[in-house]
Amino acid sequence: MERLGHEVGTALRAGDVVILTGPLGAGKTTFTRGLAEALGVRGPVQSPTFVIARTHPSLVGGPALVHMDAYRLGSAAEVDDLDIDVARSVVVVEWGRGMAEELADEWWDIEIERPIGAQTDAPDEELDADAPRVVTIERRTASR
């Protein structure tokens, strides 16, 4: 997942929004770590579940990475209330489908699926990091 995140990260520019969808332990944060490495931002990249959003400034003169977790947010209005500088950042929103699409006219929609039967109650370190994932990447456009 980290290698795939790195590959996607090389294609991202300021203003890009990535919405990550997948079950607990699917690799959303791991994907974002690889993406952050490609962007050359300050780390470490950790799950933003409890802080909602973290900003990782660029170390190489590129855009900052804003890493958000919309799981505990109740609506798209709450995402908007965070007042994220989308135009000068790459924004990654975990659990953002149905809530973060208003951040941009176009976005990357990435869904990560874990194999059936994978553990969901184990800490991230105990999940099978080598288990295959199915990843669907689509470029979406708002229908306004």
Based on the mean of other Cβ atoms within 10 Å per residue, sort peptides 89-99, 43-53, 131-141 so the most packed one is first. 89-99, 43-53, 131-141
Assuming R0 = 25 Å, what is the FRET efficiency of residue 102 and residue 131, from their Cβ-Cβ distance, to the nearest 0.05? 0.15
First select every other residue whose beta carbon is under 10 angstrom from the beta carbon of residue 1; then total the charges, Lys and Arg +1, Asp and Glu -1. +3
Between beta-carbons, use under 9 Å as the cut-off and find the net charge around residue 133, counting Lys and Arg +1, Asp and Glu -1. 0
Rounded to 10°, Cα long-axis angle of helix 28-39 versus longest principal axis of the chain: 50
accessible surface per residue for the chain, probe 1.4 Å, DNA/RNA/ligands not counted, whole Å² -> 55
Separation between the residue 42 and residue 113 pseudo-spin-labels, each 7 Å from Cα along Cα→Cβ, expressed in nm? 4.0
Given the -39500 (n - 2.57) contribution per DSSP H run of 4+ residues, what per-residue ellipticity at 222 nm results for the chain, rounded to the nearest 500 deg cm²/dmol? -5000 deg cm²/dmol
The chain - percent of accessible surface contributed by carbon and sulfur, probe 1.4 Å: 48
Measure off 7 Å from each Cα along the Cα-to-Cβ vector at residue 54 and residue 82, then give the distance between these two points in nanometres to one decimal. 1.3
Checking 81, 16, 69 against a Gaussian network model of the chain (alpha-carbon springs below 10 Å), the top fluctuating residue turns out to be 81
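The values are calculated or read from the model by the stated rules, or taken from the named source; none is laboratory data. Bear in mind that the values here come from a model prediction, so they are computed numbers and not experimental data. Cβ sites come from the backbone with ideal geometry, for glycine too, and all protein chains shown count toward neighbours. Note: accessible area is taken over every heavy atom of the protein model, side chains too, but ligands, DNA and RNA are not part of it. Shrake-Rupley method; radii C 1.70, N 1.55, O 1.52, S 1.80 Å.
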